[in-house]
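First the structure, in the form of structure tokens, and then the observations on it.
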Amino acid sequence: MRQRRVGALLIADDRNGFYLGGFGGVQSTAGRTRPRLLVVPARGDPAWLVHESGAVALREMSWVRDVRTYAEIDRAPVEPLRKLLGAAASGARTVGAELGHEQRLGLTYLDFERLRAEADRLRFVDASDLLWRLRMIKSPAELTRLRRAATITARGYRRAFARIRPGMTEREVGAAFAAALVAEGAQATWHDVLTGDYGRPNGFARNRRLAEGEMVWVDMGANHAGYWADFSRAGVLGGPTPEQERVQRRIVEATAAGVAAVRPGVALRQVAEHLDAVVARLGLELNRRPGRYGHGLGLTVTEPPHLAHFDETVVEPGMVLTVEPGMWTEDGMYHCEECLIVRSDGAELLSDYPPALASL
């Protein structure tokens with residue numbers, strides 16, 4: 001901040017506030033009525049500005065001692081925020097905010113415009129690169145939470161796959177996996193289940209019933225203390241066919257090649273180019289096109305950096321990434337996502353569950 005002459009940061013996104021200020025739930029709040037605002041000066045102590053209803057919990061959780069409150073909920077507290085920013089950014093008069101790459105400002109556009117108009121002596125600039133630079137490299141404490149989330153997820157797969165039977169609906173399958181994660185200790189969960197029609201990831205689970213011979217593909221993750229796991233596995237009711245096993249082996253081989261290519265000093269663009277060559281050599285046609293081969297993982301299920309042709313980020317120890325080339329056919333989704341910690345000597349795989357298609 002000092003190098004760029006940024007006098008203060010305005011943090012209004014729930015996850016950035018959790019990261020820097022230690023306040024919030026294990027997953028992002030769905031409420032937008034009461035903004036939680038954290039002001040971080042380049043010099044001096046940070047301060048929270050929150051609705052008075054959340055002040056007690058905040059003081060219990062956060063290391064930040066300066067806690068200020070507001071009472072109204074029909075509008076954002078622009079005037080007290082203006083005064084707080086003016087004092088924090090004195091001298092530099094430049095405020096960094098969540099204006100750019102994969103950031104979401106936790107204020108409405110009109111409230112932010114009102115703040116800019118009333119704080120006319122301050123200049124607002126994008127601070128997304130500063131924030132992502134911090135969040136990309138995980139601390140030892142963060143890595144402990146991520147390892148725990150991945151362990152819970154692997155145990156959830158073992159518990160739930162043993163309970164899947166023909167005649168269950170997609171919704172019942174999803175509920176079984178979510179319940180398995182909670183039983184293993186997850187503090188929050190997410191899941192995506194595909195059966196029958198495999199070209200519709202990220203859709204709602206349906207009431208269609210599973211039939212013998214169908215693949216059940218699941219992508220899911222547990223949350224532990226705010227940090228997420230994310231990896232996928234699949235099984236076939238009655239056991240996979242030789243052709244299903246052949247395609248799965250190739251996808252697993254491509255994924256393993258991507259994991260091996262992730263090492264310190266290599267640009268993620270280069271990893272994506274390497275995967276292009278591996279996929280071509282294996283004769284795979286990746287019709288599942290999310291725009292990348294993988295992504296960062298942490299306080300959100302997907303976050304920068306990305307294993308993609310556009311991302312010049314250089315891999316460093318402490319990053320947590322996923323690798324997930326994938327494709328679908330009429331008989332299944334072939335996508336065996338792995339998640340890993342980058343270490344100085346290579347990758348530490350977190351997704352400790354067999355990648356082969358399970359017999360259900």
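The values are calculated or read from the model by the stated rules, or taken from the named source; none is laboratory data. Please read these numbers as outputs of a predicted model, since none were measured by experiment. Backbone-built Cβ (ideal geometry, glycine too); neighbour counts: all protein chains shown. When the accessible area is computed, the model is the full protein with side chains, heavy atoms only, and any ligands, DNA or RNA have been set aside. Shrake-Rupley method; radii C 1.70, N 1.55, O 1.52, S 1.80 Å.
Under a plain spin-label model, where a point goes 7 Å from the Cα along Cα-to-Cβ, how far apart in nm are E118 and R208?
It works out to 5.3 nm between the two label points.
Could you give the Stokes-Einstein D for the stretch 103-178 in µm² per second, using the C-alpha Kirkwood radius, 20 °C, 1.002 mPa s?
For the chosen part, D equals 124 µm²/s.
Return the distance in nm (one decimal) between the two label points of a simple spin-label model at R4 and D276, each offset 7 Å from Cα along Cα→Cβ.
Here the answer is 3.0 nm between the modelled labels.
Sorted by packing (mean other beta-carbon atoms within 10 Å per residue), highest first, where do 205-214, 280-289 land? Working shown, then result.
Details: 205-214: 14.9, 280-289: 12.3.
Averaged packing, sorted descending, gives the order 205-214, 280-289.
From the mean inverse distance of alpha carbon pairs (Kirkwood) and the Cα radius of gyration, derive Rg over Rh for the chain.
1.03
For the stretch 299-354, what's the radius of gyration and Dmax over Cα atoms, in angstrom?
Using the Cα atoms of the stretch 299-354, the pair Rg, Dmax is 13.2, 41 Å.
Taking the Cα centre of the stretch 286-360 as origin, work out the dipole magnitude from +1 charges on Lys and Arg Cβ and -1 charges on Asp and Glu Cβ, in debye rounded to 20.
Value, rounded to 20: 160 debye.
Tell me the label-point distance for the pair A71, V314, using the 7 Å Cα-to-Cβ offset, in nm and rounded to one decimal.
5.5 nm
Taking the Cα centre of the chain as the origin and placing charges on Cβ (Lys, Arg +1; Asp, Glu -1), which of I341, G44, F161 is farthest toward the positive end of the dipole?
Going by the Cα projections, it comes out as G44.
Quick one: 3J(HN,Hα) in Hz for the stretch 125-137, Karplus 6.51/-1.76/1.60 with θ = phi - 60°, rounded, Gly and Pro as x.
Karplus-based 3J(HN,Hα) across the stretch 125-137 equals 10, 6, 10, 4, 5, 5, 5, 5, 4, 5, 6, 5, 9 Hz.
For the stretch 168-178, take each phi angle, set θ = phi - 60°, evaluate the Karplus expression 6.51 cos²θ - 1.76 cosθ + 1.60, and give the result in whole Hz per residue in order, putting x for glycine and proline.
For the stretch 168-178, the Karplus-derived couplings read 5, 8, 4, 4, 5, 5, x, 5, 5, 5, 4 Hz, x marking Gly and Pro.
Counting each DSSP H run of 4 or more residues in the chain as -39500 (n - 2.57), what helix-only mean residue ellipticity at 222 nm follows after dividing by all residues, to the nearest 500 deg cm²/dmol?
My calculation for the chain gives -10000 deg cm²/dmol from helical runs alone.
Cut-off 11 Å, label point 7 angstrom out along Cα-to-Cβ of R163: give me the residues of the stretch 179-217 whose amide nitrogen falls inside.
179-184
Treating the angle as unsigned and between 0 and 90°, give the value, to the nearest 10°, between the Cα long axis of helix 109-118 and the longest Cα principal axis of the chain.
Computed tilt is about 20 degrees.
Would you work out what percent of the accessible area of the chain, with all protein chains in place, is carbon or sulfur (probe 1.4 Å)?
Values: 8130 of 16230 Å².
Here carbon and sulfur together make up 50 percent of the probe-accessible area.
Expressed as cubic angstrom per residue, what is the convex hull volume of the alpha carbon set of the stretch 249-360?
Measuring per residue, one finds 108 Å³ for the Cα hull of the stretch 249-360.
Using a Förster radius of 56 Å, what is the FRET efficiency between S359 and T29 based on their Cβ-Cβ separation? Nearest 0.05, please.
Working from the Cβ atoms, E equals 0.85.
If I take every Cα pair under 8 Å that is 6 or more residues apart in the stretch 218-360, average their sequence separation and divide by the length, what percent do I get for the relative contact order?
33 percent
In degrees from 0 to 90, rounded to the nearest 10, what is the angle of the helix 268-281 Cα long axis to the longest principal axis of the chain?
In the chain, helix 268-281 runs at an angle near 10 degrees to the longest axis.
Magnitude of the Cβ-charge dipole of the chain, K/R +1 and D/E -1, about the Cα centre, nearest 20 debye?
920 debye
Using 0.36 nm times the number of residues separating T302 and D129, minus their current alpha carbon distance, what extension gain do you get?
Length gained between T302 and D129: 60.6 nm.
Once fully extended, how much extra length lies between R289 and V56, figured as 0.36 nm per residue of separation less the alpha-carbon to alpha-carbon distance?
Additional length available on full extension: 79.3 nm.
Taking R0 as 45 Å, what's the FRET efficiency between Y109 and E245 from their Cβ-Cβ distance, rounded to 0.05?
The value I calculate is 0.30.
Please give the helix 78-88 orientation as an angle from the longest Cα principal axis of the chain, in degrees from 0 to 90, rounded to the nearest 10.
Roughly 80 degrees, rounded to the nearest 10.
Over all distinct Cα pairs, what is the inverse of the mean 1/r for the stretch 134-220, reported as the Kirkwood hydrodynamic radius in Å?
Final number for the Kirkwood radius of the stretch 134-220 is 14.0 Å.
In whole Å, how far is the Cα centre of the stretch 203-220 from that of the stretch 285-344?
23 Å
With the Cα gyration tensor of the stretch 1-145 in hand, give its eigenvalues times 5 under a square root as the equivalent ellipsoid semi-axes, listed largest first in whole angstrom.
21, 20, 15
Highest first, please rank the peptides 296-307, 348-359, 119-130 by the mean number of other Cβ atoms sitting within 10 Å of their residues.
Details: 296-307: 21.2, 348-359: 17.4, 119-130: 15.5.
My ranking of the peptides, most packed first, is 296-307, 348-359, 119-130.
Suppose a student asked you for the relative contact order of the chain, using Cα pairs under 8 Å spaced at least 6 residues apart; what percent would you report? Intermediate values should be presented prior to the final figure.
Values: 775 pairs, mean separation 54.3, N = 360.
Averaging sequence separation for qualifying contacts and normalising by length gives 15 percent for the chain.
Kindly report, to the nearest 10 Å², the accessible surface of E316 as traced by a 1.4 Å probe over protein heavy atoms only.
E316 exposes around 60 Å² with every protein chain in place.
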